[in-house]
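As structure tokens, the structure follows; a few thoughts come after it.
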Amino acid sequence: MVDVRNKWALVTGASRGIGALAALALAKRGCNLMLHSRSLAHFDSLRSKLAEYPVEVLFYEAELSDLDAVSAMLTAIDESGHPVDIVLNNAGLQIAYRTDYLTTPAGDYTHSFLVNTIAPMMICYHFIPKMQANGFGRIVNTTSGIALDPQQAGYSASKAALDKVTIDVGSKLEGSNVIISLADPGWCRTDLGGPNAPGAPESALPGVIVGAFVDDGHSGRLFAASDFYEMTLEEAVAKAESIPAKY
């Protein structure tokens, strides 16, 4: 199992919900953090919680639908001088629920793909070569188990695309110490999931972070958080390493 002490992790969508819980879980393990949100003001409540841990924390803001803003954030991260060892692409957007799904506008697709597919993959493409040069890297892209729900077509299609490209990239990283995985947090009561979701945000852990700790050289796996709930991280890693790749 990977020891993340003194490593650096970038977590997108980290100011609240599952992203904030993931950031705290990493901080408890001694991992330094680079945390992203659409606005730095969104971090006000998280800052005090992170102050309890002896880790360094850097904060970044970017609107992920604006690829120039994403590029500027990546440049700022590079300029920090710290290597990014772990990426949790947690941020996501569910743009609308279209009851009359046959009137779904094209904008649902374009905006969803920018936030849920293109931005996270631009982050992956930026850091994978650096991870390869450093001989270590872990990337976890957050997906969704949503299915048979055309009312949310933009969201489901963008997550399906993220699945596809993550698995494809994973096949090229197989056997290396740069590992890319997918994590499905399940339907949780977050800003994205809404108040009627069956799962508490806490139920997503340790499943959404287990991909940062696997250490067997295998990429392209899907980790469903429900399979790991109430496990210790050590138990979750052992189970995760028994799951086959999707290719």
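Taking 7 Å along the Cα-to-C-beta vector as the label spot, tell me the ARG98-ARG38 distance in nanometres, rounded to one decimal.
Inter-label distance under the simple model: 2.0 nm.
What does the charge count around PRO244 come to, taking other residues whose C-beta lies under 12 Å from its C-beta (Lys +1, Arg +1, Asp -1, Glu -1)?
-1
When only Cα pairs under 8 Å and 6 or more residues apart are kept, what is the percent relative contact order across the stretch 114-247?
24 percent.
On the protein heavy atoms, probe 1.4 angstrom, tell me the percent of accessible surface of the chain carried by carbon and sulfur.
Summing carbon and sulfur atoms, their accessible area is 53 percent of the total for the chain.
Quick one: compute the contact order of the stretch 14-165, relative version, from alpha carbon pairs under 8 angstrom and 6+ residues apart, as a percent.
That works out to 22 percent.
Test of the criteria: in the stretch 1-102, which chymotrypsin sites (Phe, Trp or Tyr not before Pro) are in a DSSP loop and have at most 16 other Cβ atoms within 10 angstrom of their Cβ?
Of the chymotrypsin sites (Phe, Trp or Tyr not before Pro), the ones in loops of the stretch 1-102 whose Cβ has at most 16 other Cβ atoms within 10 Å are TYR97.
What spacing in nm lies between the two simple spin-label points modelled at ALA245 and GLU56, each 7 Å away from Cα in the Cβ direction?
Modelled inter-label distance: 3.3 nm.
Restricting things to alpha carbons, tell me how big the chain is in terms of Rg and Dmax, in Å.
Here Rg and the maximum Cα pair distance are 16.8, 52 Å.
Determine the per residue accessible area of the chain with all protein chains present and a 1.4 angstrom probe, expressed in square angstrom.
44
If you average 1/r across every pair of different Cα atoms in the stretch 94-168 and take the reciprocal, what Kirkwood value do you get, in Å?
13.4
With a/c under 1.5 counting as rounded, go ahead and sort the stretch 20-98 into rounded, prolate or oblate using the C-alpha gyration tensor (a ≥ b ≥ c being the square roots of the eigenvalues; past the cut-off, prolate if a/b is larger than b/c, else oblate).
oblate
Ignoring everything except DSSP H segments at least 4 long, calculate the 222 nm mean residue ellipticity for the chain; use -39,500 (n - 2.57) per segment, divide by total residues, nearest 500.
It lands at -10500 deg cm²/dmol.
Any chance you could list the semi-axes, whole Å, largest first, of the equivalent ellipsoid that the Cα gyration tensor gives for the stretch 90-130, using √(5λ)?
Over the Cα atoms of the stretch 90-130, the ellipsoid semi-axes are 28, 9, 5 Å.
Report the gain in length on full extension from GLU234 to SER80: 0.36 nm times residue separation, minus Cα-Cα distance, nm rounded to one decimal.
52.3 nm
How large is ³J(HN,Hα) for each residue in the stretch 96-104, as worked out from phi by the Karplus curve 6.51 cos²θ - 1.76 cosθ + 1.60 (θ = phi - 60°), to whole Hz, x for Gly and Pro?
Computed from phi, the couplings for the stretch 96-104 are 5, 10, 9, 4, 8, 5, 6, 10, 3 Hz.
Using per-residue counts of other Cβ atoms within 10 Å, averaged over each peptide, order 165-171, 66-72 from highest down.
Ranking the peptides 165-171, 66-72 by packing returns 165-171, 66-72.
Could you give me the ³J(HN,Hα) list for the stretch 201-218, computed from phi with Karplus coefficients 6.51, -1.76, 1.60 and θ = phi - 60°, whole Hz, x at Gly and Pro?
x, 4, 5, 6, 9, x, x, 6, 10, 4, x, 7, 10, 5, 8, 10, x, 9
Can you classify the stretch 100-243 as rounded, prolate or oblate using the Cα gyration tensor, where a ≥ b ≥ c are the square roots of its eigenvalues, rounded means a/c under 1.5, and otherwise it's prolate if a/b beats b/c and oblate if not?
It comes out oblate by the Cα gyration axes.
Percent of Cα-Cα pairs more than 17 Å apart in the stretch 1-141, please.
60
Post the alpha-carbon centroid distance, the stretch 78-110 to the stretch 46-64, in whole angstrom.
The stretch 78-110 and the stretch 46-64 have Cα centres separated by 21 Å.
Counting only residues 5 or more places away or on other chains, whose amide H sits under 5 Å from the amide H of ARG221 once H atoms are built in the peptide plane?
Those qualifying (amide H under 5 Å, at least 5 residues apart or on another chain) are LEU182, LYS246.
Taking amide H positions as placed in the peptide plane 1.01 Å from N, state which residues far from ILE139 in sequence (5 or more) or on other chains have amide H under 5 Å from it.
VAL87, ILE179, ILE180, SER181
The values are calculated or read from the model by the stated rules, or taken from the named source; none is laboratory data. These numbers were taken from a predicted model, which means no experiment stands behind them. Reconstructed Cβ throughout: ideal geometry from the backbone, glycine too, with neighbour counts over all protein chains shown. We work out accessible area using only protein heavy atoms, side chains counted, and drop any ligands, DNA or RNA first. Shrake-Rupley method; radii C 1.70, N 1.55, O 1.52, S 1.80 Å.
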